[in-house]
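Report on one structure; see the data block that follows.
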Amino acid sequence: MVFFAQKYFDKMGKIWHRVCSMEGNELINKVSMKKFNIAVFGWLTVVMIAALVFPIVSKPEAWYDFPFIPALGEQSRILFFHVPTAWVTVVAFFLSMVYGIKYLRSNNMEDDIKSVSSAGVGVLFCILATITGSVWAKFSWGSFWNWDPRETSIAVLLLIYGAYFGLRSSLEGDEKRARLSAVYAILAGITTPFLIFVLPRLVSSLHPEPIVNAGGKVHMNVTMLTVFLASLLGFTGLFAWMFDLKVRLARLEKNHHP
Amino acid sequence: MYEFLAQNPLYVVLSIVLICWFGIGLYLVRLGRKISILEQRMQS
């Protein structure tokens, strides 16, 4: 038993060492982006079907039953689409900040390309999270926009990243643009967790927080939680797909107009 | 088919979502292919 455990950990150590010694692009190439994209597409298709077709019942008995949530009912299905888009927004802005830090340390334009590409995809998902939340609010709260803390904080986040792209387009010279926008991406990235996770919890809100994590605990039945986590994973994969395309496109633009 | 969809509006939503999703997927795949062709041209 100990012999097999030692052999297993030795093998895992070697794999981990190989992964750590690879460059980011090399790693992505090894995994093969094409296969990854097809897997993401198939995964999200299954998640969408499950999220929309599994019945909502008052007493879940079958493995595919979703529980009825008071005051939400059928509208609770938004959870599988709205929350993952907000999650991808946070991931994208965090990645933009990380590449901003990397650029300041290395002065490599590749890091600037990745930072701005990540922020671009992040803004797209932030808009999607705002729209899906707003449509849901119309049928739950009575109007599309209520200046609820959640809505206000996401609007502020959109303004912050709108200013990021405004800053980039107003600067001339690649080096200067990359340096200043890297600093801005770091500052904006720091505000993201505060605006998404902290601020809406400091003030009272109508946002249905108690389902997802009232008191820091996830209150969901197993089926709902499984589909929800699968959706989070699928949307993160979709982000990776779109991020890859955007980076490659930005590289081509850079080479065509140096 | 029509009667089934009329009685189960959730399946109408599902079909609309899947049509949109397949459209987006097709667009992304085609965009990826075009970028690959441009990358190959740039390299050569």
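No value in this document is a laboratory result; all are computed from the given coordinates. It should be emphasised that the depicted structure is a prediction, and the values quoted were computed from it without experimental measurement. Cβ: placed from backbone, ideal geometry, glycine included. Neighbour counts: every protein chain shown.
What to note about this one:
- Residues of the stretch A:110-139 classified as surrounded by fewer than 22 Cβ atoms within 10 Å (Cβ to Cβ) and closer than 13 Å to A:R248 by Cα, total: 3
- Applying the set (1) farther than 30 Å from A:G173 by Cα; (2) buried (at least 19 other Cβ atoms within 10 Å of the Cβ) to A:M97 leaves exactly one unmet item: (1).
- Among the residues making up the stretch B:9-44, those that are of a type in the set (G, A, S) and exposed (fewer than 11 other Cβ atoms within 10 Å of the Cβ) are B:G23, B:S44.
- Taken together, the residues in the stretch A:60-87 that are under 22 Å from the mean Cα position of the chain (by Cα) and more than 14 Å from chain B (Cβ to nearest Cβ) amount to 4.
- Residue within the stretch A:44-59 that is under 22 Å from B:V17 (Cβ atoms) and away from every other protein chain (no Cβ under 12 Å) present: yes
- Within the stretch A:54-70, considering residues that are in contact with a helix residue (DSSP H, G or I) (Cβ under 8 Å, 6 or more places away or on another chain) and hydrophobic (A, V, I, L, M, F, W, C), the one nearest to B:V13 (Cα to Cα): A:F54
- Residues that are aliphatic (A, V, I, L, M), facing chain A (nearest Cβ under 7 Å) and in contact with a Leu (Cβ under 7 Å, 6 or more places away or on another chain), drawn from the stretch B:10-44: B:L10, B:V13, B:L14, B:V17, B:L28, B:L31, B:I35, B:L38, B:M42
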